[in-house]
Amino acid sequence: MIYCITGNKDKFSEVKAIVHHVEQRDIDLPEIQELDAREVVKAKLQEALKVVQGDIVVEDTSLYLHCLKGLPGPFIKLFLKTIGNEGLVELAVKYGDARATARTVVGYVTSAGEIHFFEGALEGTIVAPRGENDFGWGPIFQPEGYSKTFGEMSREEKNAVSMRGSALRKLKEYLNAKKSDILTE
């Protein structure tokens with residue numbers, strides 16, 4: 001069994017839609033304050049191994065505003081708690097650059113401690129909040145080439161184009177190949 005460690009039911013539903021053989025574990029893992037999202041994910045995986053027996057998946061999704069030279073990045077949760085989506089939109093407007101990059105790092109660790117990373121990134125624009133179908137900063141992020149924000153997209157539409165969906169599909173390919181390797185040994 002693979003355990004996905006998250007307390008966020010929306011994130012878990014996105015994971016489960018792509019990587020079917022996972023079970024959610026709602027464990028509040030400490031999150032280090034670090035600009036490198038891979039280091040954040042690695043630290044979460046190491047903490048999760050202390051409390052869960054089995055293979056584990058965790059993820060960290062960051063939002064990099066070009067007008068802030070990449071901030072908030074992995075600190076997006078803190079920005080959302082303090083200034084919210086409206087504050088992020090105000091910053092983009094104030095600095096005259098609404099471009100943003102959304103990036104997800106998915107970490108997978110085996111019970112033996114072998115860590116693998118899978119990443120997805122998506123360029124987009126920060127816009128006034130639109131839509132109720134997504135969580136966090138989804139209503140203000142409009143992916144490049146699309147007329148809808150994540151908040152306006154159905155779960156299926158979002159999973160097809162999102163950075164999390166991309167990272168999870170890479171994880172799924174790895175797991176499928178690993179399973180094939182095990183079956184042919």
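Highest mean packing first, where packing is the average number of other Cβ atoms within 10 Å per residue, the peptides 105-113, 48-56, 159-167 line up as 159-167, 105-113, 48-56.
Within the full protein context, the accessible area of E123 is estimated at about 70 Å² for a probe radius of 1.4 Å. Between F117 and K81, the FRET efficiency from the beta-carbon distance, with R0 = 30 Å, is close to 0.70. Available extension along the chain between H21 and L71 is 14.6 nm, counting 0.36 nm per residue and deducting the alpha carbon span. Ranked by solvent-accessible area (1.4 Å probe, protein heavy atoms only, all chains present), the residues E132, E173 order from largest to smallest as E132, E173.
Roll a 1.4 Å probe over the protein chains and send me the accessible area per residue for the chain in Å².
Result: 51 Å² per residue.
Rolling a 1.4 Å probe over the protein chains gives L35 an accessible area of about 110 Å².
Among 77-88, 134-145, how do they line up from the highest to the lowest mean number of other beta-carbon atoms within 10 Å?
Values: 77-88: 14.7, 134-145: 19.8.
Those peptides, ordered most packed to least, come out 134-145, 77-88.
To the nearest 10, the accessible area of K42 is 80 Å² with a 1.4 Å probe.
Rank S13, S147 by accessible area, highest first, at a 1.4 Å probe radius? The partial results should precede the final answer.
Working: S13 45, S147 95 Å².
Of S13, S147, the descending order of accessible area is S147, S13.
The slack in the chain from M1 to E157, taken as 0.36 nm per residue of separation less the alpha-carbon distance, amounts to 53.4 nm.
Once neighbouring chains are kept in place and the probe is 1.4 Å, which whole percent of the accessible area of the chain is contributed by carbon and sulfur? Could the numbers behind the result be given before it?
On the way: 4870 of 9470 Å².
The nonpolar share, carbon plus sulfur, comes to 51 percent.
Against the chain, whose longest principal axis comes from its Cα atoms, helix 9-18 is set at around 60 degrees.
The values are calculated or read from the model by the stated rules, or taken from the named source; none is laboratory data. Quick caveat: nothing in here was measured; it's all calculated off a predicted structure. Every residue, glycine as well, gets a Cβ built from its backbone with ideal geometry; the counts of neighbours run over all protein chains shown. Remember, those area values only see protein heavy atoms, side chains included, never the ligands or the DNA or RNA. Shrake-Rupley method; radii C 1.70, N 1.55, O 1.52, S 1.80 Å.
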